[in-house]
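Student: My structure is below; once you've seen it, I'll send some questions.
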Amino acid sequence: MSEIQVTQPGMADEPVMLPIEPYVSRDYALAEGEKLWPKVWQPACRVEELPKVGDFVTYDIADESIIVVRSSTENISAYYNVCQHRGRRLTKGCGHTSRFYCTFHGWAWNIDGSNHNVHDREDFGDSLDGVDLSLPEVRVGEWGGWVWINMDPDAEPLEQYLEPAFSMLGRFELDKMRFRWRQWLVFPCNWKTALGAFNESYHVNASHPQLTRGHPPMAWWCRAGGRHGWHGPAGLRGGADSEHAKGLSAARGEAGADPRVAVANDLQMMWETLQATTTETFVKASKRLVDELPEGATMEEVGQHLLLAAKADDAARGVIWPEIEPEHLAVTGIDWHLFPNLIILPSLTTALVYRARPNGNDPDSCIFEVMVLERFPEGEEPQSDWVYEPDPTEEKWRLILAQDFNNMPEVQKGMKSRGFRGARMNPISELPTTHFFRKLAEYMGDEHAPVPVKGE
Ligand code: FES
Ligand SMILES: [Fe+2]
């Protein structure tokens, strides 16, 4: 496994500022279309979107478009989405077909990519004899239940590219999860600005005050390995014995926060305001805590009991949890940024996932998708479709995402100010973004790498 960099209280990354150009420049966005997107593995769709032979998804990225299709029971294939006659795009969106038919002049391709028909072929004489008219192929891989594509024929294998996520997240069996809900919109910010709102927990205190109010302040660790960065909780800020932590815990206690009730309330709030990172199984089991545990139960006892109860409830309905020991959970944390454009918040039976893509070459616009995956009893997976929801409000996206959305376009605007000196990253809890920019610079050029800074 590749070397892993760790930041945590007392162990900081080199302080840096991020350059602004990658976020705001059209030239940079164009260069990404040349140097980044054609070189990297990227999640094109979920395998579950292609159940039947002939099911296809059109994956658009920057100026490029790729058809991902179930070409046989066993195989998923990907082709450049371009008619070999005069270049018309062949597909849009997703669907089911036995042929890719070009509506301009009627050329057609089989789903194995071979040419099926050239309209009025005899007009071409023998000039097409022996000529390769098949749709050019794009490499395909599968991991975590996603279909990944890579336009670079010489790219390293997907498993290697994904390390250490491949080894560390494999245990979560993300491939066994299915969509619970999925929603997308076009957002007025750069795709990197969007991802930067979801790969650290430094923002939670200010952006989601309802999540931290009355809780002792948390510290975070971050890790970076391979191209990827992730983070998790590092206990209480200043330690459990700090005056601040004690004060807040006492305040919570005085407010009558019985841990049995507090945990149930927190989960209910999470379900109502995000409908992700927990499941109905947990929410329901947490409501029984007051009946199943004696008064005075500690937070640890409540946590342990809830885990066992939820596991048993799930088992009873046919959802068997993956076996992951606590030590492994402790180092995988809560949030992974997979280079370049996927963020996964994995847990035992659910995952919250964000994908951001550039909207063509516009540096100020991105396609932003949220997908919530869950493990369901076999045969009880709900039918879901992508919902386009352009209104970034609490009413349409629930409170927590609306709070994040509230920052993203304002950051995009603010970064263009003459008064902005560059993003000054937190050397402990914003390592995933800094690491992302270091890796990005390996594709885009060192002139865009994070710049080390020092105090006076
Ligand atoms: S462009 Fe496709 S058939 Fe002419
Ligand atoms: Fe957030």
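Just so it is clear, none of the values below were taken in a lab; they were calculated from the coordinates. Just so it is clear, the structure is predicted and the values come from calculations on it, not from any experiment. All Cβ positions, even for glycine, are placed from backbone atoms using ideal geometry, and neighbour counts span all protein chains on display.
Student: Check each of the GluC sites (Glu not before Pro) in the stretch 260-369 and keep only those in coil by DSSP with at most 10 other C-beta atoms within 10 angstrom; list them in order. Mind showing how you got there, number by number?
Tutor: On the way: sites: Glu272, Glu280, Glu292, Glu295, Glu300, Glu301, Glu323, Glu327, Glu369; in loops: Glu295, Glu323.
Within the stretch 260-369, the qualifying GluC sites (Glu not before Pro) (loop, at most 10 other Cβ atoms within 10 Å) are Glu295, Glu323.
Student: In addition: With a/c under 1.5 counting as rounded, go ahead and sort the stretch 109-198 into rounded, prolate or oblate using the C-alpha gyration tensor (a ≥ b ≥ c being the square roots of the eigenvalues; past the cut-off, prolate if a/b is larger than b/c, else oblate). Let's see the in-between values first.
Tutor: Details: a/c = 2.59, a/b = 2.00, b/c = 1.29.
Here the stretch 109-198 falls in the prolate category.
Student: Order of Trp41, Trp336, Trp386, Trp321 from fewest to most other C-beta atoms within 10 Å? Display every interim value, and only then the final one.
Tutor: On the way: Trp41 28, Trp336 25, Trp386 17, Trp321 14.
Going from least to most buried by this count: Trp321, Trp386, Trp336, Trp41.
Student: In deg cm²/dmol, rounded to 500, what helix-only [θ] at 222 nm does the chain give when every DSSP H run of at least 4 residues adds -39500 (n - 2.57) and the total is split over its residues? Kindly include the intermediate steps, with their values, before the conclusion.
Tutor: Numbers: 16 runs with 136 residues, N = 456.
Per the formula, -8000 deg cm²/dmol.
Student: Of Gly106, Trp386, Ala257, which is farthest on the positive side of the dipole of the chain, counting Cα position, with +1 on Lys and Arg Cβ, -1 on Asp and Glu Cβ, and the Cα centre as origin?
Tutor: Of the candidates, Ala257 comes out farthest on the positive side.
Student: Using 0.36 nm per residue of separation minus the Cα-Cα distance, give me the extension gain between Phe124 and Glu3 in nm, one decimal.
Tutor: On the way: separation 121, 0.36 × 121 = 43.56 nm, distance 5.74 nm.
37.8 nm is the gain from fully extending Phe124 to Glu3.
Student: What are the ³J(HN,Hα) couplings of the stretch 368-383, residue after residue, when phi is run through the Karplus curve with 6.51, -1.76, 1.60 and θ = phi - 60°? Round to Hz, x for glycine and proline.
Tutor: Per-residue couplings from phi come out as 10, 10, 10, 10, 10, 9, 8, 8, 10, x, 4, x, 10, 5, x, 6 Hz.
Student: Taking θ as phi - 60°, what are the ³J(HN,Hα) couplings along the stretch 130-143 by the Karplus curve (6.51, -1.76, 1.60), each to the nearest whole Hz, with x for Gly and Pro?
Tutor: Rounded to whole hertz, the list is x, 8, 7, 9, 5, 6, x, 8, 10, 5, 10, x, 10, 7.
Student: Here is a further query. Using only C-alpha atoms and all pairs of different ones, pull out the Kirkwood radius for the stretch 42-154 in Å with one decimal.
Tutor: Details: mean 1/r = 0.0690 Å⁻¹.
When all Cα pairs of the stretch 42-154 are included, the Kirkwood radius is 14.5 Å.
Student: Give, rounded to the nearest 20 debye, the magnitude of the charge dipole that the chain has about its Cα centre when Lys and Arg contribute +1 at Cβ and Asp and Glu contribute -1 at Cβ.
Tutor: Charge dipole, the chain, about its Cα centre: 920 debye, nearest 20.
Student: Step through the table entries Lys92/Lys192; Lys192/Lys439; Lys192/Lys413; Lys287/Lys311; Lys35/Lys454, compare each Cα-Cα distance with 21 Å, and write down the pairs that go over it. Before the final figure, lay out each step's value.
Tutor: Numbers: Lys92/Lys192 25 Å; Lys192/Lys439 13 Å; Lys192/Lys413 14 Å; Lys287/Lys311 15 Å; Lys35/Lys454 31 Å.
Pairs exceeding the cut-off: Lys92/Lys192; Lys35/Lys454.
Student: Under a plain spin-label model, where a point goes 7 Å from the Cα along Cα-to-Cβ, how far apart in nm are Asp291 and Ser72?
Tutor: Between Asp291 and Ser72, the simple spin-label model gives 5.5 nm.
Student: Two decimals is fine: what is log10 I(q)/I(0) at q = 0.11, 0.16, 0.18 Å⁻¹ for the stretch 321-434, from a Debye sum with one equal scatterer on every Cα and no solvent?
Tutor: -0.53, -1.05, -1.26
Student: Under 5 Å between amide H atoms, partner at least 5 residues away or on a different chain: which partners does Ala44 have, H built in plane at 1.01 Å?
Tutor: Val147, Trp148, Ile149
Student: Also: Would you mind calculating the relative contact order of the chain from Cα pairs under 8 angstrom and at least 6 residues apart, reporting the percent as a whole number?
Tutor: On the way: 855 pairs, mean separation 116.3, N = 456.
Computed over the chain, the figure is 26 percent.
Student: Can you list residues from other chains, or at least 5 along the same chain, whose modelled amide H is less than 5 Å from the amide H of Trp336?
Tutor: The list, which skips near neighbours in sequence, is Ile344, Leu345.
Student: Follow-up question, since we're still on this one. Residue by residue through the stretch 345-360, what is 3J(HN,Hα) from phi via Karplus (6.51 cos²θ - 1.76 cosθ + 1.60, θ = phi - 60°)? Round to whole Hz and write x for glycine and proline.
Tutor: 9, x, 9, 5, 10, 8, 8, 9, 10, 10, 10, 10, 9, x, 9, x
Student: Still on this model: Between Ser65 and Asn265, what is the spin-label point distance in nm, taking each point 7 Å from the Cα along the Cα→C-beta axis?
Tutor: Simple spin-label model gives 5.2 nm for this pair.
Student: Related question: Per the chain: cysteines with no other Cys C-beta under 4.7 angstrom?
Tutor: Cys45, Cys94, Cys189, Cys222, Cys366
Student: Test of understanding: express the Cα radius of gyration of the chain as a ratio to 2.2 N^0.38 Å, with N the residue count. Write down the numbers at each step before the final one.
Tutor: Details: Rg = 24.2 Å, N = 456, 2.2 N^0.38 = 22.5 Å.
So the chain has a normalised radius of gyration of 1.07.
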